[in-house]
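Laboratory data are not the source of any read-out in this text; all were calculated from the coordinates shown. In this text the structure is predicted, and so the values were computed from the model without any measurement. No Cβ is skipped: glycine too gets one built from the backbone with ideal geometry, and neighbour counts run over all protein chains shown.
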Amino acid sequence: MCPGKHGRSGKPSSSIRCIMLHLPAVLFQVDVAALDNQVEEKKIRESTEKARDDTFDADRQRHDKIAQMLEQKEQEISRNLVKAVQEFREYQQQPETRREFDIYDPEGLKKDRPMRISDDDPRCGPASLQKFAGEDLSEKERKKMQAELTKRWLSEQKEERQRNQAQQKFADDKKRVEVDERAQYLSLMEEECRKAIDVATTNFNQALALETEERRSLQKQQEHDNNSAEIYNHLTGDILTEDPAVATNCLSPHRVLPDRWKGMSPEQLQAIRDTQEQQRREKQRLDEEERQRNSEWDKQRMLGARAAMTTEQQEDEINKELRKGLDAYNHQLSREQRAHLQYLEKEVYTNNPTAHYFTQFNTTSR
């Protein structure tokens, strides 16, 4: 027995708690198989998500590598173009080939030699005079040579421009073809990767379905075996016997074995009923004391309310007297003000100015 009483908080007594602790474990049995199944399903779900994430990571890495390859290829083409332009400038556009190079040629003075006049020229004396400053005896030949040179330069520039345009067009066509081939190759690779991913996903789903089916069959078989074992244990065990000595605990005589306990004896039930009756009486006594205390508080509140009403009535009477005195004072003050106004109108303000009084101002220039 575990005797005890209910307190004011309404909590069960120690005897009731003791009986609740000794209830059969069958009432509080946990489904371990269901928990194991939930753990297995969680592990399978986590492994499935991990495999899908790994597949996505591999696909993302492959796309990143393809993008890096395309970027490197584009950078290489750009570098080759810049290198080709630089080489063309170095080998095909030398300063000596320019039309105005003779103007700023640093070796121009060294290369310049005075033109000799022919010996039969009558202006040429015994000293074989050289060309004087400002003379240009070969102006026609020089202009003709400059025109031919200009024409040749123009034709060379035109041919060079056409050649550059053809090279640029060829390079653009080649780059376009390379980009198209690369895009076609990447599209083919992407299609193959997608097919491989679909095949892998299908295989994984099939394997997962087979594993799930097998696990369900094993769970069903395990559940059937557990049910059979439980039925056999109930039929062959002491739980269905009516002997109360089976529930006696050898180590603690005051305790029972929950898996063999068949219920309380009539003496135990009577002790619980007696305890409950005692607790009921205690509860009635406490309720009566609470009722009396509340009645006393109600009386005190009524007395306080009456005192407050009396005080309020006295205050109302005092306020009425004060209002009467204030009204009498206001009437007296009003009479004094009216008498003062009559005095001002009859005695002080007797000579009020008329309109003729104001017409005499601003009549002259002074």
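Data for the structure
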{"quantity": "Distance violations [Cα-Cα > 30 Å] among Lys110/Lys144; Lys299/Lys324; Lys65/Lys195; Lys320/Lys346; Lys143/Lys169; Lys83/Lys158", "calculated": "Lys299/Lys324; Lys320/Lys346; Lys143/Lys169"}
{"quantity": "Within region 242-285: Cβ-based charge dipole about Cα centre, in debye rounded to nearest 20 (Lys, Arg +1; Asp, Glu -1)", "calculated": "320"}
{"quantity": "Unit charges at the beta carbon, dipole of region 230-366: most positive-side option, Ala328, Thr354, Thr310", "calculated": "Thr354"}
{"quantity": "Under 24 Å from the Cα of Lys43 - lysines, other chains or at least 8 residues apart", "calculated": "Lys220"}
{"quantity": "Among Ile197, Gln270, Leu208 the positive-end extreme of the charge dipole of region 168-270 (Cβ point charges)", "calculated": "Ile197"}
{"quantity": "Cβ-derived FRET efficiency at R0 41 Å, Leu322 paired with Glu345, nearest 0.05", "calculated": "0.75"}
{"quantity": "Positive-pole candidate from Ala339, Gln292, Asn319, dipole of region 283-346, charges at beta carbon", "calculated": "Ala339"}
{"quantity": "Potential extension, Arg89-Ser47 segment - 0.36 nm per residue separation minus Cα distance", "calculated": "8.8 nm"}
{"quantity": "Amide N of region 48-68 lying under 18 Å from the label point, which is placed 7 angstrom from the Cα of Ala196 along Cα→Cβ", "calculated": "51-68"}
{"quantity": "Hull volume in cubic angstrom per residue (convex hull over the Cα atoms of region 283-346)", "calculated": "54"}
{"quantity": "Charge dipole magnitude, Cβ of K and R +1, D and E -1 - region 283-346, Cα centre, debye nearest 20", "calculated": "180"}
{"quantity": "Region 164-264: GluC sites (Glu not before Pro) falling in loop per DSSP and having at most 15 other Cβ within 10 Å", "calculated": "Glu242"}
